[in-house]
Amino acid sequence: MIETTRHDLLMNRREIFQIAGLGMFGGLTASSLSPEIGQAAEAGERPPAMPPLNRFPRMMQEFFTEQVRQVEERSLARKYGLQTKADAEAFVASIREKIQACFGPFPEKTPLNPRVTGVIERDVYTIEKVIFESRPNFWVTANLYLPKGRTAPAPGVVGTCGHSSNGKAYAGYQAFAQGLARLGYVALIFDPIGQGERLQYPDGRGGSRVGIGVPEHLYAGNQQILVGEFFGSWRAWDGIRALDYLLTREEVDSRFVGVTGNSGGGTMTTWLCGVEPRWAMAAPSCFVITFRRNMENELPADIEQCPPKALALELDHDDFIAAMAPKPVILLGQEKDYFDVRGLKEAHARLRRLYGLLGAEENIGLFIGPDYHGYSKELREAMYRWFNDVTRVSQAAAEPELVIEEDQTLWCAPGGQVANLSSRTVFSFTREKSQTLAQRREKKTGDALRHALLDILKMPDRTGVLEYRILRPLPNRNHPYKRTLSYAVETEPNIWAVVYYLSGEPWMSRPPRLGSRALLYVPHLSSDAELREETWLRQLIQEEAGVPCFACDPRGIGESMPNTCGVDFWDPYGPDYFYAAHSLMLDRPYVGQKTFDILRVLDWLADSGYTGIHLVASGWGVIPATLAAVLSEQVVQVTLKNALTSYTGIAETETYNWPLSCLLPNVLASFDLPDCYRELEQKKLKILDTWGAAGG
């Protein structure tokens, strides 16, 4: 087998001389079509499947790791450059402004319209079943734990839940709310969107059509990106309105209100420290580390945990706590957590220095439990001790004996779902905003459209020498022509777009100079597989016989499809999502990065004289190819297969099937894909088929 492979890879010296003498330079003719492709086509069959090519499987991981490291280095240089109390105070003020840029603006506060739908009497406390509207007709379900026998207002705590299917009824979250009440606190714990009683896609049988918790968050939150919303901001707003409700209660001492939560609730506690100034104390559990540790450890995070522009603004987890400085906060974590305890200690060290400059080093605490991820008894008791030191409400630190309730006992809404109250869904707001943006949006053409694209894609400068590698020729891959040569074009430092040149003759050199016209294919997922398997593409290439044919894998697919994160590429929490989410935080949309790759490959082709490009694309590749075609004067003809009809269609359809990596943030405030398609009509646009919100 080794000898056969070498035979396929090495060119015969006679062939080299023949090519040079004839001046063919690897030109494509109908007679040079791969016989395997021709035979399969005649038989009406696809060629045999082959193992995928993937020579750069960790390219995206290393690229993003380096990006995040650079952000952290700049951030730390600023933090460790602080020398005085005035420096620290100015830093805290600047952090608050940056956080607002990620999360805001929040909506205007509307009436809460709270109702108590039931009361549960227990030995030393009661539980009120509360519902309120954080937005008009957007209902929040919550349990209010009230200690009995108090004659004066008590400190209050808002409890935020992690990713439990039953939300506030989860045993660990009941435990800390009940424990606080037994120690004399008023505790309000509410269901997160997509969990407990607040399913956004209920199936009518107590479950979710898309999956409770993370799946609901991703499904609603990814879609919101198109209209400029951030799911984490929506979650945080619920927490702010929960505090508003808590402060309406006469049982609560407004001087001492705190927030705590674990995992996803630790996320919300952290974000709420950054966006809400009324807290007197906080205790985030099992979340706070650093963005770098999560990236290096290939740990995907929920869309709510990825604030847009956060990394571009050089924010890290500790900065959200810093926004609350010098108020008392304790960071809680577990030794065996998948949230790397090293990052927790790093975050604490940074905060300790900041608090020290502010003269309040004792106000930043750290407790690391011995267990796995979760709000264990040890962590809860550390939280009780911390809050007691602030409020002096109790001398007790040990958790009293608890009684965990059944889920149904704690239900606030009829049948345990706000859908039975005709509550609005996140999707209904997304659709409404999309419709509003469409009414306001002017149709853009020409330079106005190109400026809009450049503004939203946030691409780097395209000047500079293009470096590229000539990769070793591939053995027969059953592509439309007999031989395939691969180039790795460095579109930006350490990012390689893999380009195939299809040749009827042996070719091991730089791209041939064969005139100005060429065909460039941008795939749905893999140039290699689609050149072999897609009948329509083979037919199109046959129709262009004699025209040099290239195909290009932009970053993140095909030959650089990542094999990271410990899950499949297709997983909703997989590597494709992982890098798309970090692109949002870096304020460099993933679609923009892929568009940039295509534009740089076009620049590379222009260096070989190809200035009249027929750009062909399919599926997911249609979006960056379309945007590149609008921006590039080299593109003179465009053919699209399975083109997305519009971003509006995704934003206004409850059930969609496009990944975050294909979505552009706030695109519908500026333009939509039909604007681009109209612009490309002057470039002989041909759309062979369309995909709607449901995809392919």
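Bear in mind that the values in this text are calculations on the coordinates, not laboratory data. Values in this document were obtained by computation on a predicted structure and should not be read as measured data. With ideal geometry, Cβ positions are generated from the backbone for all residues, glycine too; neighbour counts draw on all protein chains shown.
Add +1 for every Lys or Arg and -1 for every Asp or Glu among the other residues with Cβ under 10 Å from the Cβ of Lys109, and state the total.
0
Normalised by the number of residues in the chain, what is the relative contact order in percent for Cα pairs under 8 Å and 6+ residues apart?
17
Could you work out how far the C-alpha centroid of segment 265-288 sits from that of segment 69-91, in angstrom?
21
Does anything in segment 228-243 have its amide N under 20 Å from the 7 Å Cα→Cβ label point of Thr645, and if so which residues?
Correct set: none at all.
Can you list residues from other chains, or at least 5 along the same chain, whose modelled amide H is less than 5 Å from the amide H of Leu366?
Amide H neighbours of Leu366: Leu331.
Angle between the Cα long axis of helix 426-440 and the longest principal axis of the chain, 0 to 90 degrees, nearest 10?
60
What is the extension gain from Asn137 to Glu543, computed as 0.36 nm multiplied by their sequence separation minus the C-alpha to C-alpha distance, in nm to one decimal?
140.4 nm
Is segment 649-696 rounded, prolate or oblate when judged by the Cα gyration tensor, a ≥ b ≥ c being the square roots of its eigenvalues, rounded requiring a/c under 1.5 and prolate requiring a/b larger than b/c?
oblate
Can you give the local net charge around Gly221? Use residues other than it whose beta-carbon is closer than 10 angstrom to its beta-carbon, Lys and Arg +1, Asp and Glu -1.
-3
Report the Cα centroid-to-centroid distance between segment 164-201 and segment 541-559 in angstrom, as an integer.
When both Cα centres are located, 54 Å separates them.
What nm value, rounded to one decimal, do you get for the distance between Ala349 and Tyr80 when each label is placed 7 Å out toward the C-beta?
The modelled label-to-label distance comes out at 0.8 nm.
For the chain, what proportion of DSSP beta bridges, expressed in % and rounded to the nearest 5, is antiparallel?
50
Exactly which trypsin sites (Lys or Arg not before Pro) in segment 648-696 are in a DSSP loop and have at most 16 other Cβ atoms within 10 Å?
Lys684
Once the Cβ-Cβ distance between Asn420 and Ala694 is put in as r, and R0 is 41 Å, what FRET efficiency do you end up with, to the nearest 0.05?
0.90
How much length is gained if the chain between Lys443 and Thr463 is pulled fully straight, taking 0.36 nm per residue apart and subtracting their Cα-Cα distance, in nm to one decimal?
4.2 nm
When Lys and Arg each count +1 and Asp and Glu each count -1, what net charge do the other residues less than 13 Å away from Gly592, Cβ to Cβ, add up to?
+2
Modelled label-to-label distance, Glu378 and Glu250, 7 Å Cα→beta-carbon offset: nm?
A separation of 4.4 nm, rounded to one decimal place.
Determine the dipole magnitude for the chain: charges of +1 sit on the beta-carbon of Lys and Arg, -1 on that of Asp and Glu, nothing else is charged, the reference point is the Cα centre, and the result goes in debye to the nearest 20.
Here the size comes out at about 880 debye.
Could you state the angle between the C-alpha long axis of helix 214-224 and the longest principal axis of the C-alpha atoms of the chain, as a value from 0 to 90 degrees rounded to the nearest 10?
70
Cα gyration tensor of segment 76-151, axes a ≥ b ≥ c as square roots of the eigenvalues: rounded (a/c below 1.5), prolate (a/b > b/c) or oblate?
Because a/c hits 1.5 or more and a/b fails to exceed b/c, segment 76-151 counts as oblate.
May I ask you to list the GluC sites (Glu not before Pro) in segment 90-123 that are in a DSSP loop and have at most 14 other Cβ atoms within 10 Å of their Cβ?
Those satisfying the criteria are Glu108.
Averaged over all directions, how much area does the convex hull of the C-alpha atoms of segment 289-390 cover when projected, in nm²?
The Cα convex hull of segment 289-390, projected and averaged over all directions, gives 6.8 nm².
Counting only helical runs of four or more DSSP H residues, what would the 222 nm mean residue ellipticity of the chain come to if each run contributes -39,500 (n - 2.57) and the total is spread over all its residues?
Taken over the chain, the calculation gives -11500 deg cm²/dmol.
Let's see if you can work this out: charge +1 on each Lys and Arg Cβ, -1 on each Asp and Glu Cβ, no other charges. What is the dipole magnitude of segment 388-492 about its Cα centre, in debye to the nearest 20?
1320
Of the options Leu449, Ile623, Gly343, report the single residue whose Cα projects farthest towards the positive end of the charge dipole of the chain (beta-carbon charges: Lys, Arg +1; Asp, Glu -1).
Towards the positive end, the residue furthest out is Leu449.
Are there GluC sites (Glu not before Pro) in segment 217-304 that DSSP marks as loop and that have at most 14 other Cβ atoms within 10 Å, and which are they?
Passing sites in segment 217-304 are Glu250, Glu251.
Once both axes come from the Cα atoms, what is the angle between helix 377-391 and the longest principal axis of the chain, in degrees from 0 to 90, rounded to 10?
60
Identify which of the listed values of Cα Rg over 2.2 N^0.38 Å was calculated from the structure shown: (1) 1.09; (2) 1.02; (3) 1.21.
Matching entry in (1) 1.09; (2) 1.02; (3) 1.21: (1).
Going by the alpha-carbon gyration tensor, a ≥ b ≥ c the square roots of its eigenvalues, is segment 184-317 rounded (a/c under 1.5) or, if a/c is not under 1.5, prolate (a/b greater than b/c) versus oblate?
Since a/c reaches 1.5 but b/c is at least a/b, the shape of segment 184-317 is classed as oblate.
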